[in-house]
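K.L.:
For reference, the structure I am asking about is given below.
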Amino acid sequence: ERIGVLGIPFSKGQSRVGTEYGPEVLRNGGIVRKLQNLGCHVQDHGDVEVIQVENDDPEENAKNPRTVGLTSKLIADKVERVLRSEDICLGLGGDHSMAIGTIAGNARVEPDLVVLWIDAHADINTPMTSDSGNIHGMPLAFLVRELESYVPKLPGFEWLSPCIHAKDIAYIGLRDVDAGERKIIEKFGITAFSMQEVDKYGINEVVERALRAVDPEGKRPIHLSFDVDAMDPTLTPSTGTPVIGGLSLRETYYIAEEVARTGRLSMVDVAEVNPLLGDEKDKKLTVDMTISVIQRFFGNRRGG
Ligand SMILES: N[C@@]1(C(=O)O)CN(C[C@@H]2CCCCN2)C[C@@H]1CCC[B-](O)(O)O
Ligand SMILES: [Mn+2]
Ligand SMILES: [Mn+2]
Ligand SMILES: [Mn+2]
């Protein structure tokens, strides 16, 4: 497998400084070398250029819309280019608004992709249903065709057309879903396995059902968007919106190993690592746990 690593040093989808250092701490943690040691061909494509728009006033309750929108376009263009020359793109974030660009860019190369969203949160608020106005809580709303009439065209987003269907998404790890998101998930029948289902069925059954729900014939490319807050905060404390009762290390490994085993992985987003949150121990733990999970998306199997 040829892997293209792309840094996405972005933080304006939310309000806490620090996620812009995500790519740096993951690179310093040795992710490129560790993937090469797995026998992968790894090319580091550097960082996406981040745009900071002056006087970027909120629009329809969404904060930093122009900065997020225009940076998302650059992300999409770069992801498209990487996927034209590599088999898989590994996007190192950066807050989860990065997924607007990564999914848009991936869909240009793999229009038939499905999305597995591993997260404590649903990240599908519209600007109107959002309590925070932070766009990292909205990325899927900008991408889902069925929501197009519910989402205003914000300044900076003129370039973006929704590119996935609600039925192409499956969530694993939900445990902090807003009322408006719950309504959207129910209205459009989005496949969602919260931590309650993980406890009820076990992670193996959840992964099997999630994959079968979005891709019953087992032939579509997979965009895996991993928010490190899906894991329990005892494992990844350095993240902006931690929620207790998260995925264990072994459950997260299992998801990664099973997705790797499909052989249809197209892109992995790694979102919401914030090395400025917590103490040095928290930061090191978060980076080490995140890197150990990433390795399992790319062939490191516990059984050797
Ligand atoms: N839905 C949210 C939004 O701001 O839209 C609200 N939530 C925080 C809020 C705190 C109080 C209790 C209810 N939850 C964060 C989430 C976005 C997470 C983005 B991610 O990328 O980290 O997943
Ligand atoms: Mn390709
Ligand atoms: Mn989250
Ligand atoms: Mn998220």
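Readers should treat all values here as calculations from the given coordinates under stated rules, not as data from a laboratory. Quantities reported herein were computed from a predicted structural model and do not represent experimental measurements. Heads up, the Cβs are rebuilt from the backbone with ideal geometry, glycines too, and the neighbour counts pull from every protein chain shown.
K.L.:
Could you pull out every residue, at least 5 positions away or on a different chain, whose amide H is within less than 5 Å of the one on V5? Hs are placed 1.01 Å off N in the peptide plane, and Pro or chain starts have none.
P.N.:
The list, which skips near neighbours in sequence, is Q43, D44, H45, L90.
K.L.:
Hey, another quick one. Could you identify which residue out of K63, K283, K183 has the top mean-square fluctuation in a GNM of the chain using Cα springs shorter than 10 Å?
P.N.:
Sorting by GNM fluctuation, first place goes to K183.
K.L.:
Over the alpha carbons of the range 1-139, what is the largest minus smallest coordinate on each principal axis, giving the biggest first in Å?
P.N.:
Dimensions of the range 1-139 along the principal axes of its Cα atoms: 47, 34, 29 Å.
K.L.:
Treating each Cα of the range 180-227 as an identical point scatterer and ignoring solvent, apply the Debye formula and state log10 I(q)/I(0) at q = 0.20, 0.22, 0.25, 0.30 Å⁻¹.
P.N.:
-0.84, -0.97, -1.11, -1.14
K.L.:
Continuing with the same structure: So what's the Cα pair-distance distribution over the range 1-62, bin width 10 Å, in %?
P.N.:
Computed distribution, short to long bins: 19, 39, 24, 13, 5.
K.L.:
With a/c under 1.5 counting as rounded, go ahead and sort the chain into rounded, prolate or oblate using the C-alpha gyration tensor (a ≥ b ≥ c being the square roots of the eigenvalues; past the cut-off, prolate if a/b is larger than b/c, else oblate). Present the calculation step by step, with values, prior to reporting the outcome.
P.N.:
Numbers: a/c = 1.26, a/b = 1.15, b/c = 1.10.
It is rounded, given that a/c, with a ≥ b ≥ c, falls under 1.5.
K.L.:
For the range 115-157, what class follows from the C-alpha gyration tensor (a ≥ b ≥ c being the square roots of its eigenvalues): rounded when a/c is under 1.5, otherwise prolate if a/b is larger than b/c, else oblate?
P.N.:
On the way: a/c = 1.86, a/b = 1.28, b/c = 1.45.
It comes out oblate by the Cα gyration axes.
K.L.:
Still on this structure, I have one more. Would you kindly calculate the mean projected area, averaged across all directions, of the convex hull enclosing the Cα atoms of the range 146-218, in square nanometres? Could the numbers behind the result be given before it?
P.N.:
Working: hull surface 24.6 nm².
Dividing the Cα hull surface by four gives the mean projection, 6.2 nm².
K.L.:
Using the structure shown, list the pairs from K187/K219; K12/K73; K34/K284; K63/K153 with a Cα-Cα distance above 19 Å, or answer none.
P.N.:
Checking Cα-Cα distances, K187/K219 exceed 19 Å.
K.L.:
Rounded to the nearest whole Å³, what is the per residue volume of the convex hull around the Cα atoms of the range 97-217? Let's see the in-between values first.
P.N.:
Details: hull volume 12.1 nm³, N = 121.
Spelled out: Cα convex hull of the range 97-217, divided by residues, is 100 Å³.
K.L.:
Another question, then. Cβ under 9 Å from W117's Cβ, W117 left aside: what net charge do those residues give with Lys, Arg +1 and Asp, Glu -1?
P.N.:
Details: positive: none; negative: D119, D123, D227.
Cβ neighbours under 9 Å give a net charge of -3.
K.L.:
Using only the Cα atoms of the range 153-304, build the gyration tensor, take square roots of its eigenvalues as a ≥ b ≥ c, and label the shape rounded, prolate or oblate: rounded if a/c is under 1.5, else prolate if a/b is larger than b/c, else oblate. All intermediate terms of the calculation are to be shown ahead of the outcome.
P.N.:
Numbers: a/c = 1.43, a/b = 1.15, b/c = 1.24.
Rounded is the answer for the range 153-304, as its axis ratio a/c remains below 1.5.
K.L.:
What does DSSP give for the chain in terms of the percent of beta bridges that are antiparallel, rounded to the nearest 5?
P.N.:
On the way: 1 of 37 bridges.
The antiparallel proportion sits near 5 percent.
K.L.:
Follow-up question, since we're still on this one. Between P65, P155, P139, find the one with the highest GNM mean-square fluctuation for the chain; connect C-alpha pairs within less than 10 Å.
P.N.:
P155
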